[in-house]
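Chemist: Have a look at the structure that comes next, please.
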């Protein structure tokens, strides 16, 4: 049998490549999905159901690269915190499997790939890509300064939305910013669930999060944000003249949100983490509603 190329590499090299992959969270694609769905919403809405195929490829690759770069920089920034948090102490930098300088080199390499992808976009999208890069760099450090770093994360995760509209149509319409706003609110929702998992450790090490800020009313605030997100989705439907398939997806998304609150009802780490992971299904359901609308209601 023919050996794969990776099998020909020394064992130590293979191990380190796996450490790099772990540092980029390739083994945990949840972040890719949470970034991917809003971008796909935007592409399909901007292209009225027929997005440019080349842009689809560029943006999917861009999501994977930028999410990986963000994870690498986040772990570099948290290298002195992660060893003291139960959930993160086994991360490559925290455990010593990857040196901090290696992480910076990997981040730079991913950044160069992202720049190469950006050169394939039009001028308006390229200008927005600069903002995306800034948001990616500053987020890991914001949680040491402000109590609402999830809003910065939401901006970083949602910035592909105006970029997709700009790349597809040459401009960022009111609809583009509405989709971005919904994405930002959604990110605050699911990342607050995520932050609830580490709340005790974050308080101990001095990190900041909306989970700490919201305190005992965390689930109540999340419920309010969910209502705000659902309202935004309805406004998107009205603005894009979407039909019953889309509104059915919004109803299903509301049911999923209620389920997430139930999962986190006791504020136990396992339930909160399950609610965070399950949020990707909201993105899928909404995207499905958009696709079905344009499939059965072609312009």
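Nothing in this text is a laboratory measurement; each read-out follows from the coordinates by a stated rule. Quick caveat: nothing in here was measured; it's all calculated off a predicted structure. Backbone-built Cβ (ideal geometry, glycine too); neighbour counts: all protein chains shown.
Chemist: Rounded, prolate or oblate: which fits segment 1-158 when a ≥ b ≥ c are the square roots of the eigenvalues of the alpha-carbon gyration tensor, with rounded for a/c under 1.5 and prolate only if a/b beats b/c?
Modeler: Details: a/c = 2.07, a/b = 1.24, b/c = 1.66.
Oblate shape, in that a/c is at least 1.5 and b/c is the bigger or equal ratio.
Chemist: Hey, another quick one. Multiply the residue separation of residue 13 and residue 296 by 0.36 nm, subtract the distance between their alpha-carbon atoms, and state the gained length in nm to one decimal. All intermediate terms of the calculation are to be shown ahead of the outcome.
Modeler: Numbers: separation 283, 0.36 × 283 = 101.88 nm, distance 5.07 nm.
Extending this stretch completely gives an extra 96.8 nm.
Chemist: Ok, one more. Please give the residues of segment 118-155, grouped as numeric ranges, whose backbone N is less than 17 Å from a label point set 7 Å along the Cα-to-Cβ vector of residue 173.
Modeler: 125
Chemist: Among 134, 72, 197, determine the one that fluctuates most according to a GNM of the chain built with springs between C-alpha atoms less than 10 Å apart.
Modeler: The residue that fluctuates most here is 134.
Chemist: Using a 10 angstrom cutoff on alpha carbons, build the Gaussian network for the chain and name the most mobile of 177, 41, 186.
Modeler: 177
Chemist: Oh, and also: What number, rounded to the nearest 500 deg cm²/dmol, is the helix-based mean residue ellipticity at 222 nm of the chain, given -39500 (n - 2.57) per DSSP H run of at least four residues and division by all its residues?
Modeler: -24500 deg cm²/dmol
Chemist: Extending each Cα 7 Å along its Cβ direction at residue 95 and residue 234, get the distance between those two points in nm, one decimal.
Modeler: Label at residue 95, label at residue 234, 4.8 nm between them.
Chemist: 7 Å from Cα along Cα→Cβ at both residue 251 and residue 53: what's the point-to-point distance in nm?
Modeler: 3.6 nm
Chemist: Under a 10 Å cutoff between Cα atoms, tell me which one of 30, 203, 64 has the largest fluctuation in the Gaussian network model of the chain.
Modeler: Largest GNM mean-square fluctuation: 203.
Chemist: So, one more: Exposure proxy check: 210, 119 ranked by fewest other beta carbons within 10 Å?
Modeler: On the way: 210 25, 119 9.
The most exposed by this proxy come first: 119, 210.
Chemist: Taking square-rooted eigenvalues a ≥ b ≥ c of the alpha carbon gyration tensor, is segment 105-167 rounded, prolate or oblate, where a/c under 1.5 means rounded and, failing that, a/b exceeding b/c means prolate?
Modeler: Verdict is oblate for segment 105-167.
Chemist: May I ask you to compute the full-extension gain from residue 261 to residue 227, defined as 0.36 nm times their residue separation minus their alpha-carbon distance, rounded to one decimal in nm? Write down the numbers at each step before the final one.
Modeler: Numbers: separation 34, 0.36 × 34 = 12.24 nm, distance 1.24 nm.
That pair, residue 261 and residue 227, stretches by 11.0 nm at full extension.
Chemist: Continuing with the same structure: State, as an integer percentage, the relative contact order of the chain based on alpha-carbon contacts under 8 Å between residues 6 or more apart.
Modeler: Across the chain, relative contact order equals 20 percent.
Chemist: Specify the inter-centroid distance of segment 47-95 and segment 238-261, based on alpha-carbon positions, in whole Å.
Modeler: Spelled out, the Cα-based centre of one part sits 27 Å from the other.
Chemist: Which shape class, rounded, prolate or oblate, goes with segment 115-250 when its Cα gyration tensor gives a ≥ b ≥ c as root eigenvalues, a/c under 1.5 marks rounded, and past that a/b bigger than b/c marks prolate?
Modeler: oblate
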